[in-house]
Amino acid sequence: MSFSRLRAGAAIAALLAPAAAFAQSTPSDSGQDRFHATPSTDIIVTGVLPVARQDMLSGVAVLQGEKLTQALRPSIGETLAETPGVSATSFGPSASRPVLRGLQGERVRILTDGIGSIDVSNTSVDHAVVVNPLLAERIEVLRGPQSLLYGSSAIGGVVNVIDKRIPRSVPDEPVHIGALATYGSAANERSGAGSIDVPIGSNWVIHADGSYMKTDDLKIGGYALTPELRRQALASAQLPQDPDAEEPIDFAANANVKGKLPNSQSKTWTAGAGIAYIGDGGSFGLSYSHYDSLYGIPIRFATEPGQEQEGPRLDLLQNRVDARVEINAGGNVLDKIALRYGYANYRHFELEEDGEIGTAFYNKGMEGRLDLTQTKHGAWSGVTGGQFFIRDFNVVGEEAFLPKNSTEQVGIFTLQQLDYGALKFVAGARYENTALEGKPMPEQDQFFNGRRSFDAFSASLGASYGFTQNWRFGVNLSRTERAPAAEELFANGPHAGTEAFEVGNPNFGLEKSWGAEAILRGSGPGYTFEASAYHTWFSNFIYEDQTGVIEDGLPVYQFRQADARYYGFEVQGSATLAKIGEARIVADGLADYVHAKIDNVGAAPRIPPLRLMGGLGVNTEKFDVRGEVEHSFDQKRVTSFETPTDGFTLVNAEVNYRPWGNTRPLSFALSANNIFNVNARRHASFLKDYAPLAGRDIRLSARIDF
């Protein structure tokens, strides 16, 4: 299936589907929703079928409104880092992906309005996700087996960033404007984002948006290197320098880097436009977006002779086109038809210190999905659909660790529900065919040259029981299969971003797993509670193992397969302790933990430790005040090539102010994060021993929407 044929087919579908929408005449209440309406956190739209949060059979989290404004950071990983069950790769402030239940990279899907980000962030932790949190209206995090409806690579979970680039409703006013401005002291961060929506007649809406962010080097709470690496560097400073070395390394200076994280600055700007028709019979819309970023990768300082030390910068560019069609069929069989499509042309250059291009990454990709929502009959409802994904990926340069390769994936899925009130059942299934091909260039004849095809089947079955009106207990069982990614099959070369010589295995089979999850949710007057526990048994689990061999000056990491187990829990809740007039005193807390073991290896690498977080706040109509303490425990369960990570405690405080109350569209957010300037390191990060988290950070944001 060629790229051009798929592109042509998608274009035809995008042209024909609006005509079908025009033909519908069934009235719908969804076409003219008030533009200012904020989606309820009680309804989760990720997971194909919108469903009440109370009825979800897996862990879920939602960020929107003031919670989202307070959480916003330059990367999606850091934005979500305080969400239950979520950590972050923290490869500097700009390149940080979410880590869900200890799983990252290829096992976590980052979506924009239900379609993948179509970048190369899954390839390496130093590659940024091309999703701009500044433009998000709402972010949903779905963990567990229901996320597999978005692809087998979503076994860890799904992060869906929902924006309004393709409008969903018609503004009531002649012009609707939204704007956000933020300043953060830790990186001297200056950012702003704005959008405008203009109705054309009663059914058409045009949209435009843009954002700009600039940061300096990140302030940290102490030394960049861990005490052990500082000792190594200071010992190396006493050794005689190699007289033949082109650039002698000042090990003493490396040991004493303190207060700021060199080469962590960034500059990013985006622009986008969209148009939509919204009628009684449905809606359709198109959008275009441009993403341009230049950011530095924190330096992995050399501490011993013979080690390389680089400070690369990444020059990233993406142009993207999206389409969405929704048809209110209103028939006896189909209630709704939804089509979603995205195409992106992406490239980034890894720049040397003199500005020369060292390695270039090129990626063209498209993804589409069709959801056919059944008309509900009694207790029975469901959705059936199909999805395709295609990627052409190439790496050119001295550190081309991957050959030119392509991925073509086609899947079909169904989710069926039976709702008997107190008792609910959910069953889902997915079939996926994935074809991957390595296509080495003439100078890359050492790479594997061939084609692999995989047929993967996944299914889940769950049930929940509401033993009171507000309390529900559920259990979900799943069987999943995942095809290896091109990186896991074809890698064979030096990768400076992770300081590794990566070697794949083209003979890998499917990664398979059995999983079970139990969840309890409840609420009552003044309190909420949610707890989930999960256990996943993997066979042919794909992981990287350090071989002990050095090639091109880098340690060799070989991809391997083995059995593995992941299990853990997440607990969160809140309670109103007292009411004083219109003010409420509210306490909240969360805890999350994951344990992972690979057979015959030991602990899986980069697994977050036990974390506890608690907050106490006062809420009124015009302002909220809250203090928070987060404690991350030591992580001493490490694999052979990892170092232990010390625990840390962060103290944060925040104030939200609405000068006209909840009825007017202006709010301010002030927060003090890491108040005591702790030098904290996140164990899930490849760079944890070289790049701590941000030190004390005072942030001020203003948001207006009118």
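Note on Glu247 and Lys636: their simple-model spin labels are 4.0 nm apart, each label 7 Å out from Cα toward Cβ.
Taking the C-alpha atoms only, the angle from helix 3-23 to the longest principal axis of the chain is near 20 degrees.
Rounded to a whole number of µm²/s, how large is the Stokes-Einstein D of the chain at 10 °C and 1.306 mPa s, given Rh as the Kirkwood radius over C-alpha pairs? Show your work: numbers first, answer last.
Values: Rh = 26.3 Å.
Estimated diffusion coefficient is 60 µm²/s.
Taking every alpha-carbon pair within region 231-282, the share separated by more than 15 Å comes to 71 percent.
With +1 on each Lys and Arg Cβ and -1 on each Asp and Glu Cβ, and nothing else charged, work out how big the dipole of region 623-706 is about its Cα centre, in Debye to the nearest 20.
160 debye
Scattering from region 630-706 was approximated by placing one identical point on each alpha carbon and applying the Debye formula without solvent; log10 I(q)/I(0) at 0.15, 0.16, 0.23 1/Å stands at -0.66, -0.70, -1.00. When shorter helices are ignored and each DSSP H run of at least 4 residues is given -39500 (n - 2.57), the per-residue value for the chain at 222 nm works out to -2000 deg cm²/dmol. Peptide packing: for 572-578, 366-372, the average count of neighbouring Cβ atoms within 10 Å per residue gives the ranking 366-372, 572-578, highest mean first.
Please count, across region 309-458, the pairs of lysine residues with Cα atoms under 27 Å apart that sit 8 or more places apart or on different chains.
Working: Lys336/Lys376; Lys336/Lys424; Lys364/Lys404; Lys364/Lys439; Lys376/Lys424; Lys404/Lys439.
Lysine pairs meeting the criterion: 6.
Applying 0.36 nm per residue to the separation of Thr649 and Leu670 and subtracting their alpha-carbon distance, the gain on full extension is 5.5 nm. Accessible surface of the chain, 1.4 Å probe: 57 percent of it comes from carbon and sulfur atoms.
Which peptide among 643-651, 209-217 comes first, and what is the full order, when sorted by highest mean count of other Cβ atoms within 10 Å? Intermediate values should be presented prior to the final figure.
Working: 643-651: 16.7, 209-217: 18.9.
Output ranking for 643-651, 209-217: 209-217, 643-651.
One decimal place: the segment Arg231-Asp419 gains 61.5 nm when fully extended, by the rule 0.36 nm per residue minus the C-alpha distance. Across q = 0.29 Å⁻¹, region 294-361 modelled as identical point scatterers on its alpha-carbon atoms has Debye log10 I(q)/I(0) values of -1.16, in the order of the q list.
Just going by the charge dipole of the chain, with Lys and Arg at +1 and Asp and Glu at -1 on Cβ, which of His535, Pro506, Asn619 is farthest out on the positive end? Ranked along the dipole, the leading option is Asn619.
Taking Cα centre as origin and charging only the Cβ of basic (Lys, Arg, +1) and acidic (Asp, Glu, -1) residues, the dipole magnitude of the chain rounds to 2240 debye. If you take the square roots of the eigenvalues of the alpha-carbon gyration tensor of region 172-262 and sort them as a ≥ b ≥ c, do you get rounded (a/c under 1.5), prolate (a/b over b/c) or oblate? Judged from the Cα gyration tensor, region 172-262 comes out prolate (a/c at least 1.5, a/b above b/c). By the gyration tensor of its Cα atoms, with a ≥ b ≥ c the square roots of the eigenvalues, what is the shape of region 110-197: rounded for a/c under 1.5, prolate for a/b over b/c, or oblate? Because a/c hits 1.5 or more and a/b fails to exceed b/c, region 110-197 counts as oblate.
Compute the relative contact order of region 540-640 as a whole-number percentage, counting only Cα pairs closer than 8 Å that sit 6 or more residues apart in sequence. Working shown, then result.
On the way: 195 pairs, mean separation 20.4, N = 101.
Once normalised by length, the contact order is 20 percent.
With the cut-off at under 18 Å, measuring from each backbone N in region 300-316 to a point 7 Å along the Cα-to-Cβ line of Ile550 picks out 300-310. Could you give the nm distance between label points at Ala562 and Phe473, where each point is 7 Å from its Cα heading toward the beta carbon? Between Ala562 and Phe473, the label points sit 3.7 nm apart. Quickly work out the Ser539-to-Tyr223 label distance, labels modelled 7 Å from Cα along the C-beta direction, and quote it in nm with one decimal. Label at Tyr223, label at Ser539, 4.8 nm between them. Over region 54-101, the hull volume per residue, using the convex hull of the C-alpha atoms, is 68 Å³.
Given +1 at the Cβ of Lys and Arg, -1 at the Cβ of Asp and Glu and no other charges, the dipole of region 283-383 around its Cα centre is 980 debye to the nearest 20. Seen against the Cα atoms of the chain and their longest principal axis, helix 227-237 is set at about 30 degrees.
The Cα center of region 593-642 and the Cα center of region 643-706 differ in position by 16 Å. Rounded to the nearest 5, the antiparallel percentage of DSSP beta bridges internal to the chain is 95%. Tell me, in nm to one decimal, what length is gained between Glu356 and Leu577 on full extension, where the rule is 0.36 nm per residue of separation less the Cα-Cα distance? Fully extending the segment from Glu356 to Leu577 adds 73.6 nm.
Distance between the C-alpha centers of region 480-549 and region 112-131? Whole Å please. One Cα centre to the other: 17 Å. For region 463-518, the relative contact order works out to 39 percent when only alpha carbon pairs closer than 8 Å and six or more residues apart are counted. Could you calculate the FRET efficiency of Ala463 with Asp599 from 1/(1 + (r/R0)^6), where r is the beta carbon distance between them and R0 is 22 Å, rounded to 0.05? Once rounded, the FRET efficiency stands at 0.10.
Work out the FRET efficiency for Thr375 and Val410 from their Cβ-Cβ distance, taking R0 = 22 Å, and round it to the nearest 0.05. It would help to have the intermediate numbers written out before the result.
Working: r = 26 Å, r/R0 = 1.20.
Efficiency computed from Cβ-Cβ geometry: 0.25.
Each Cα pair under 8 Å and six or more residues apart adds its separation to the average, and for the chain the resulting relative contact order is 12 percent.
What shape does region 71-138 take by its C-alpha gyration tensor, where a ≥ b ≥ c are the square roots of the eigenvalues and a/c under 1.5 counts as rounded, a/b above b/c as prolate, and the rest as oblate? Before the final figure, lay out the partial values.
Values: a/c = 1.20, a/b = 1.04, b/c = 1.16.
The shape class here is rounded.
Phi-derived couplings, Karplus 6.51 cos²θ - 1.76 cosθ + 1.60 at θ = phi - 60°, listed residue by residue for region 71-78: 7, 4, 9, x, 10, 5, x, 6 Hz, with x used for Gly and Pro.
The values are calculated or read from the model by the stated rules, or taken from the named source; none is laboratory data. This structure is a prediction, so every number in the text was calculated from the model and none was measured. As a convention, Cβ positions derive from the backbone with ideal geometry for all residues, glycine included, and neighbour counts pool all protein chains shown. In case anyone asks, the SASA skips ligands and DNA or RNA and just uses the protein heavy atoms, side chains included. Shrake-Rupley method; radii C 1.70, N 1.55, O 1.52, S 1.80 Å.
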